[in-house]
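Chemist: Just dropping this structure here.
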Amino acid sequence: MAAAPQAPARGSVRKTRPLTVKTSLNNPYTLCWSPLEREDMLFILQTLEDRFRSVGLQKIEDKKRKKKQPFLKKQSRDKCSIDVDINEEKEKQPEGEHQVSGWTPVHVRKQLAIGVNEVTRALERSELLLVLVCKSVQPAIITSHLIQLSVSRTVPACQVPRLSERVAPVIGLKCVLALGFKKNTTAFVDEVEAIIPRVPRLNVAWLQDSLEASRDNLEPESLESQDKELLETSFEDVSKCKRKPVEGQQAVVLQPLKIKKLIPNPNKIRKPPKSKKRLQSNPV
């Protein structure tokens with residue numbers, strides 16, 4: 001009789017775990033900001049810089065809170081000298097010159113959306129008239145979502161080189177990655193009206209060109225007429241009816257999603273779990 005196969009000794013054979021492959025669906029369309037001409041760039045930067053200087057918008061930070069306390073030796077002489085110096089500085093500073101940290105004209109600050117997060121929230125609520133993004137953002141994915149978001153909200157948006165370099169020092173910030181002008185603005189009305197015609201059109205494949213349609217006032221009239229026709233028809237005919245395409249709009253060409261397989265690196269040295277670490281450190 002043939003002998004039964006014996007199981008391998010404990011610890012002699014190590015089973016290899018199968019690699020876990022994850023599948024992801026990626027966007028087949030490539031989104032990018034439309035290039036801005038040099039003349040328009042210089043005009044936008046100069047207009048914003050002059051307006052911010054005239055309005056006087058600036059963020060004031062209390063530097064005393066940020067300063068770390070110096071290392072003091074436990075000596076009575078040093079403590080006495082420091083207390084005397086602090087009292088003298090307080091006497092020299094008049095009470096009227098004490099500045100509170102924050103934005104100087106608060107009503108002007110409320111008319112703007114500064115920063116990527118604030119601009120994103122304002123776009124989702126349809127509160128903006130214009131969006132400007134700095135070109136030096138790294139990585140670019142930080143502001144790429146603003147392209148389709150601004151097109152879906154029919155808000156002109158463009159990428160301006162050196163926006164943070166020119167605007168941030170004027171308003172007292174380290175950087176300005178995104179800047180939005182709200183619909184309730186009164187201090188930047190002329191500037192927004194002058195900048196909007198210079199903003200290039202954004203191309204998003206799966207969204208109709210609503211910006212151009214809104215400028216020409218073609219879409220509202222056509223939609224109203226089509227809605228009236230739908231109300232006059234019966235329920236049976238409604239399912240068969242389709243909206244007519246607006247003149248000048250091209251049909252959206254749909255593309256299949258890109259399927260990408262993510263495979264972990266097999267050469268990566270993985271750390272053993274904590275239980276095995278304890279056994280190795282404390283052998284019996």
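Read the figures in this text as sums done on the coordinates, not as results from a lab. If you're wondering where the values come from, they're calculated on a predicted model, not measured in any experiment. Here Cβ is always computed from backbone atoms with ideal geometry, including for glycine, and neighbour counts include all displayed protein chains.
Chemist: Any of LYS110/LYS135; LYS59/LYS183; LYS135/LYS183; LYS135/LYS261; LYS22/LYS260; LYS22/LYS258 with alpha carbons more than 20 Å apart? Name them for me.
Modeler: Violating the 20 Å limit, Cα to Cα: LYS110/LYS135; LYS59/LYS183; LYS135/LYS183; LYS135/LYS261.
Chemist: Still on this structure, I have one more. Note down the nm distance, to one decimal, between modelled labels 7 Å out along Cα→Cβ at ARG38 and at ARG121.
Modeler: Simple spin-label model gives 4.0 nm for this pair.
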